[in-house]
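One structure below.
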Amino acid sequence: MQNSTNHHIAIFGSTSYIGTHLIAKLYNAGYKITLFTRTTRKFEFLNDECYFLERTSPDICIAEQRLEVRGFDDIVTTLQGVDAVYYLVHSLYVKGDYDFSLKDNRLAGLVGKACTKAGVKQIIYLGGLGVETEGYPLSMHLRSRQQTAEFLCKEHDGVTEFRAGVIIGAGNSSFEIIRSLATKLPLVPKALGKEGLCQTIAVEDLVAYLTHALLNEKYYDQIVEIGSNEVLTYSAIVQTYADIVVDKKLHVAPLPLFNKIFTPYVLSKIISRMSGMRAILVERLLEGMNSAAIIGNHPVSKVDPHCPVKPKPFTEALRIAGQRCEELTYLSVWSTPYEESVLNPEKKKQFLRFTSELKEGMLFEAYSATFPAEKIEDVFYRVKDIGGTTGYYSPRWLWQVRGFIDVLLGGRGLRDTKRAPKFIRVGDRIDFWVVTFYKNKPGNKVLRLKAEMLTPGNAWLQFILQPVQEEEGKARLTLTAYFEPNGIGGYLYWYSLYFIHKYIFKTMVENILLASYQIPAAANVSS
């Protein structure tokens, strides 16, 4: 990494899994950073509490900017004074075999042209490994990743294209698929014929490569293929995870008709249920399972023979990622795209503020209790620890039944998914909820969750902790469940659960306070 003094870096795709890692790496190294995003809400944690930022100087600029032709001049203006750009945008969720590729190419051309006009010296793009060779066709997804780089290069002459395979890192989408398969499958099905190949890379090593190349002229106008030395099949990757992390032996079972019956489309539906990820994302990733995602004619050693980054062996990367999954202490998680996210204001009402107008037309049930004000941090820690193995401070079986019903209706069900409480932020998943609002100030602590379960309406669960103005030395925890019914079915749904809701929410408030007295948050801060 070059000397950071006076260098200004911009990131497109800054809310992505790798984008979050880069923010931490660059900010802690002293760079000024501009983050392009379509919603600033995911970055509220930067000004609130952020455990991975080691400095407090305000060197981060957040630009709420759509990548559109009509916004070209605004993009150029924002890029003024920027030395280098990281381009991490990828349209995996766009439906249609060619639509996502066309969109990626169009956006890449737009950003490349804007960077040239603004005088940006370098664009660092993260694409995918893929070598087309006999018996290993290049998938549409991998081909598109490489075409995106070509469109960047058409508009800018300082592009560095990194090509990487499956990223081994807790919270990454590909890794979550591996983890789900290794944990839940009784065996690994294997089709007849050639199986796809891959060279993986640990997330820490990938970020190290990306930052080492920053403003490093050796890397200008270069393709750089990176990965660990091992060439693996995808079934071997799943087997190794099961062996090392889960301590489970998964045998491979040849299935002659596997390819005909279990197409990427069918498999994506199954794996989506197992992992909780969108089926279209899984399908895009699975399309490359017969390809050779390996290093070809552009190894990093050609560009930089003395590169200091030495990628970890696959098994070491697995152990590190597995441990972080177990401890819930990982920096970044895969994110639902803006188009499908509950954070997209163009979708259904998001209940952004606490105004009475937004409450009109909503059904809600609220419970509150007071407690000593000096316990407010302990109580809020318990609130943030909701879900996962902790549960919901109420009978677990009731939530399991609700999760089972959701699965029967075609939803994802109640999934054991969350990070450690201190890492929580807007956009995170907690089982079948998404964090849509989070604030942790001394006199105002809020956690708001929006349900992703299938319901005839929109549902939120909100926790507020505030001092009690009329009682000195006291604070109040208020839990409110909000429901915006969709037609008569929504009203029937809400009132059919009326007494269950009353019992659950009252029990939750009582047990959250009880847990905060029994085990103070200070005993868990290091987790």
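The set of residues in the range 59-91 that are of a type in the set (S, T, N, Q) and at pLDDT below 90 comprises 65, 91. Residues that are of a type in the set (Lys, Arg) and either surrounded by 20 or more Cβ atoms within 10 Å (Cβ to Cβ) or touching a strand residue (DSSP E or B) at 6+ places or on another chain (Cβ under 6 Å) (or both) within the range 426-464 comprise 429, 439, 445, 448, 450, listed in sequence order. Can you find even one residue in the range 348-366 that is over 17 Å from residue 433 (Cβ atoms) and at pLDDT 90 or above? Within the range 348-366, none of the residues are over 17 Å from residue 433 (Cβ atoms) and at pLDDT 90 or above.
Filter the range 207-221 for residues that are polar (S, T, N, Q) and either under 24 Å from the mean Cα position of the chain (by Cα) or surrounded by fewer than 18 Cβ atoms within 10 Å (Cβ to Cβ) (or both) and give the result.
Taking the range 207-221 as the starting set, the residues that turn out to be polar (S, T, N, Q) are 211, 216.
211 - this is the single residue of the range 207-221 that is polar (S, T, N, Q) and either under 24 Å from the mean Cα position of the chain (by Cα) or surrounded by fewer than 18 Cβ atoms within 10 Å (Cβ to Cβ) (or both).
Is it the case, given these coordinates, that residue 414 is buried (at least 20 other Cβ atoms within 10 Å of the Cβ), touching an Asp or Glu at 6+ places or on another chain (Cβ under 6 Å), more than 25 Å from residue 40 (Cα to Cα) and modelled with pLDDT under 85?
Working: buried (at least 20 other Cβ atoms within 10 Å of the Cβ): yes; touching an Asp or Glu at 6+ places or on another chain (Cβ under 6 Å): yes; more than 25 Å from residue 40 (Cα to Cα): yes; modelled with pLDDT under 85: yes.
In short, yes.
Looking at the range 198-218, can you tell me whether even one residue there is without any contact (Cβ under 8 Å) to a residue 60 or more places away in the chain and farther than 29 Å from residue 326 by Cα? Yes, the range 198-218 has at least one match. Just a yes or no: is a residue in the range 129-139 without any contact (Cβ under 8 Å) to a residue 60 or more places away in the chain, in a loop (DSSP other than H, G, I, E, B) and within 30 Å of residue 240 (Cα to Cα)? Yes: one or more hits. Filtered by the rule that a residue be surrounded by fewer than 22 Cβ atoms within 10 Å (Cβ to Cβ) and either outside any loop (DSSP other than H, G, I, E, B) or touching a Gly at 6+ places or on another chain (Cβ under 8 Å) (or both), the range 194-206 gives 194, 196, 197, 204.
Check 103, 184, 95 and return the single one that is at pLDDT below 90, under 30 Å from residue 322 (Cβ atoms), basic (Lys, Arg) and surrounded by fewer than 23 Cβ atoms within 10 Å (Cβ to Cβ).
The conditions single out 184.
The values are calculated or read from the model by the stated rules, or taken from the named source; none is laboratory data. Because the structure is a prediction, the values reported are computed rather than measured. For neighbour counting, all protein chains shown are included, and Cβ atoms are generated from backbone atoms with ideal geometry for every residue, glycine included.
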